[in-house]
Amino acid sequence: MTTIARNQWYVAAYSRDIGRELFSRTICEEPILFWRRKSGHISAMSDRCVHRRYPLSAAPSRLEGDTVVCGYHGFTYGSDGSCVSVPGQARIPRTARLSTYQVYEQDSFVWVWIADSNYPTVGDPTRIPRAPWMASPDYTVVSGMEPIACNYRLLVDNLMDLSHETYLHGGYIGTPEVAETPITTEVDEDRNVIYVSRHMDDAECPPFYSKSTGIETRISRWQDIEYTPPCLYLLHSRIAPLGAPLPEADGSDVHAFHSEIVYAITPETESSTHDFWAVARDFAVGDDDVTAYLAESNRTVVMQDVVALDILQQALNTEKTGYQELSINIDAGGLGARRLLQKLVDASRLGTEVSV
């Protein structure tokens with residue numbers, strides 16, 4: 001039984017990834033071809049020719065203007081998925097048409113609407129969750145994407161419980177206080193959002209922040225998670241030197257350093273995931289050395305997660321009778337995320353949508 005919720009928006013790529021070259025990515029087990037038309041808008045359609053199922057992204061397929069020419073037998077498609085030319089005959093078969101996908105660009109991401117084939121719906125772009133720091137001139141951003149050979153829900157579990165930073169990411173972002181500090185959790189069933197907060201009043205400053213901010217003392221450190229299933233995870237990170245004033249009532253917080261950690265969690269298949277990650281910061285904006293350090297360090301942290309989740313998925317695959325897991329207080333956010341994800345899966349299976 002599928003674990004993937006359909007009739008949902010998913011991140012397919014960064015805007016920078018898609019230009020005047022054919023670009024393919026499998027999203028929710030559907031191979032999708034993307035390209036940017038001359039107008040600058042992005043088209044997306046099935047990455048399989050109707051004739052012999054040749055991938056249209058594979059050489060020697062090519063773009064001619066705003067049409068895609070299959071490199072196997074020359075079937076040619078318009079941006080609406082309709083076949084406009086076939087070899088050796090003037091008549092174009094009525095069924096020579098590819099499925100197309102809604103696409104929306106926002107906050108440096110390319111979002112694609114994955115409809116359920118049994119109960120297809122039209123996506124509402126206003127329901128796409130925001131990550132405005134990704135395209136803000138007030139922030140400097142580093143970002144990337146790593147494939148993981150695991151079900152996407154394992155990555156959700158990983159990100160909802162940051163106590164693993166102490167053990168898996170020691171020497172980068174993990175310190176003892178992360179695992180030692182209790183969390184508060186709120187599951188907003190109406191808005192379909194989970195909030196998890198961990199506020200550390202007196203913590204060691206990990207290298208990830210000491211080397212990027214210059215702080216050499218202990219710090220107060222806040223981690224406020226906001227996860228909107230199925231795809232977008234935000235970690236609002238605040239650090240300040242120990243004893244620095246708290247944020248003002250109006251939200252101003254000039255004594256602190258803020259990072260917005262963004263993850264887009266996109267299922268490729270039931271057993272593989274696209275892990276889009278980004279760090280947007282409001283300090284040392286434009287400092288190339290800090291940018292290079294954070295890009296390298298955060299990718300190292302992401303790859304530590306990738307290795308661990310690949311191992312975990314392999315272990316789960318070998319268990320013949322299933323596994324019995326134990327949950328504790330720190331799992332409240334992850335368990336809430338599982339429940340909301342299942343609600344989305346059930347809704348798409350029944351042809352309904354979860355209202356927000």
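The values are calculated or read from the model by the stated rules, or taken from the named source; none is laboratory data. If you're wondering where the values come from, they're calculated on a predicted model, not measured in any experiment. Reconstructed Cβ throughout: ideal geometry from the backbone, glycine too, with neighbour counts over all protein chains shown. Surface accessibility is based on the protein's heavy atoms, side chains included, excluding ligands, DNA and RNA. Shrake-Rupley method; radii C 1.70, N 1.55, O 1.52, S 1.80 Å.
How many residues does region 74-104 hold that are open to solvent by less than 60 Å² (accessible area, probe 1.4 Å) and among the charged types (D, E, K, R)?
Of the residues in region 74-104, 0 are open to solvent by less than 60 Å² (accessible area, probe 1.4 Å) and among the charged types (D, E, K, R).
Looking at region 1-38, which of its residues are without any contact (Cβ under 8 Å) to a residue 24 or more places away in the chain and either in contact with a strand residue (DSSP E or B) (Cβ under 7 Å, 6 or more places away or on another chain) or over 26 Å from L155 (Cα atoms) (or both)?
G19, R36 - these are the residues of region 1-38 that are without any contact (Cβ under 8 Å) to a residue 24 or more places away in the chain and either in contact with a strand residue (DSSP E or B) (Cβ under 7 Å, 6 or more places away or on another chain) or over 26 Å from L155 (Cα atoms) (or both).
Would you check which residues across region 195-237 are under 18 Å from A284 (Cβ atoms), in contact with a helix residue (DSSP H, G or I) (Cβ under 7 Å, 6 or more places away or on another chain) and either modelled with pLDDT under 95 or hydroxyl-bearing (S, T, Y) (or both) and list them?
Residues satisfying the conditions are S212, E216.
Given the residues R20, R16, which is the only one that is open to solvent by 10 Å² or more (accessible area, probe 1.4 Å), among the charged types (D, E, K, R) and part of a helix (DSSP H, G or I)?
Exactly one residue qualifies, and that residue is R16.
Which condition number in (1) in a strand (DSSP E or B); (2) of a type outside the set (G, A, S); (3) touching a residue at least 24 places away in the same chain (Cβ under 8 Å); (4) open to solvent by 50 Å² or more (accessible area, probe 1.4 Å) is the one that R221 fails?
Failing condition for R221: (4).
I'd like the full set of residues that are of a type outside the set (F, W, Y) and either farther than 14 Å from E21 by Cβ or surrounded by fewer than 14 Cβ atoms within 10 Å (Cβ to Cβ) (or both), limited to region 63-73.
E64, G65, T67, C70, H73
Which of the residues that make up region 109-147 are under 16 Å from the mean Cα position of the chain (by Cα), surrounded by fewer than 19 Cβ atoms within 10 Å (Cβ to Cβ) and either acidic (D, E) or closer than 24 Å to S272 by Cβ (or both)?
Across region 109-147, the qualifying residues are G144, M145, E146, P147.
Conditions first: (1) closer than 21 Å to V306 by Cα; (2) touching a Lys or Arg at 6+ places or on another chain (Cβ under 8 Å); (3) surrounded by 17 or more Cβ atoms within 10 Å (Cβ to Cβ). H169 passes all but one, so which condition is the exception?
Tallying (1) closer than 21 Å to V306 by Cα; (2) touching a Lys or Arg at 6+ places or on another chain (Cβ under 8 Å); (3) surrounded by 17 or more Cβ atoms within 10 Å (Cβ to Cβ), H169 fails exactly one: (2).
The conditions are (1) more than 23 Å from Q223 (Cα to Cα); (2) without any contact (Cβ under 8 Å) to a residue 24 or more places away in the chain; (3) part of a loop (DSSP other than H, G, I, E, B), and E248 fails exactly one of them. Which is it?
Only one criterion is unmet by E248, namely (1).
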